[in-house]
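Values in this text are rule-based calculations from the coordinates and carry no lab data. Because the structure is a prediction, the values reported are computed rather than measured. For neighbour counting, all protein chains shown are included, and Cβ atoms are generated from backbone atoms with ideal geometry for every residue, glycine included.
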Amino acid sequence: MSTLRKILSAWGAVLGLAPAAAAQTPATPAQPTVPVQGEFGHPVMDQGIFAHAIINQNESRWNGTDTEYRWEGQGWVGTDYDKLWIKSEGTVQSNGTVDDGQQQFLYSRAITTYFDLQGGLRSDIDSRPTRNWAALGIQGLAPYFFDLEVTGFASGEGHLAAKLEASYDILITQRLILQPQIELDLYSKADPARLVGAGFSDIDTGLRLRYEFSRKFAPYIGVVYEGKFAQTASYAKRVGESTEDFRFAFGVRIWF
């Protein structure tokens, strides 16, 4: 018991002296707190202005008898959250006329990590009468990394339309890439002046194999199918146009 009392007395003396020692220790001036890198992370740089443009289809199409030129591209400028877009597509026929000319001028806002909400104006500018539409849609990466665009349109004449575009990159190697692609158009009312019928109007789909010398320059070859349906097919027959066509395609995909 004497040993235990000595131990307790020693601890009591230490505990009793600790407050006194703390009181006698001169106070050190407060130092500013410097965040440790990683505690709060780096500042988020999401307000920088960036720009990007890509021509996905820059190709000649040949069916054995005639050749046509097809372009489809888009570009944007803005931040990670807000962007201004320009989209353009069309086909120059072998006789020099321009078909399926669509130009879109859009504002987009990021609504999820993978999708933007887009709205603006679409103008059909080609060799046929011009039409203007209000546009609203989404664009982004669907599950399994499908590039997806779904857009609805409304004209001042009470016409409604919808467009779906989708593509997917299959990496054979890091540079050799196979891309299936599809584009569908639907209209609520017929527009005979533009040879467009009501309902499921047309499809443009293809399979392209490209080789990326760099991400900015990729020649490709492929095969495409152009089809017109229902009233649109009837209008095409009346003016002597084909309602379906398989074509060999070759071109260059360009990034800016």
Please compute the modelled spin-label separation between THR130 and ARG109, points set 7 Å along Cα→Cβ, answer in nm with one decimal. 2.9 nm
Starting from the exponent 0.38 and prefactor 2.2 Å, build the expected Rg for segment 40-163 from its residue count and divide its actual Cα Rg by it. 1.26
Amide N proximity, segment 207-247 versus LEU176 label position 7 Å along Cα-to-Cβ, cut-off under 17 Å: 208-214, 218-223
Pairwise FRET efficiency - LEU121 versus PHE213, Cβ, R0 = 35 Å, nearest 0.05: 0.45
Cα-projected label distance for ASP66 with ALA230, points at 7 Å along beta-carbon direction, nm: 2.6 nm
Equivalent ellipsoid semi-axes for segment 167-256, as square roots of 5 times the alpha carbon gyration tensor eigenvalues: give them largest first, rounded to whole Å. 33, 13, 11
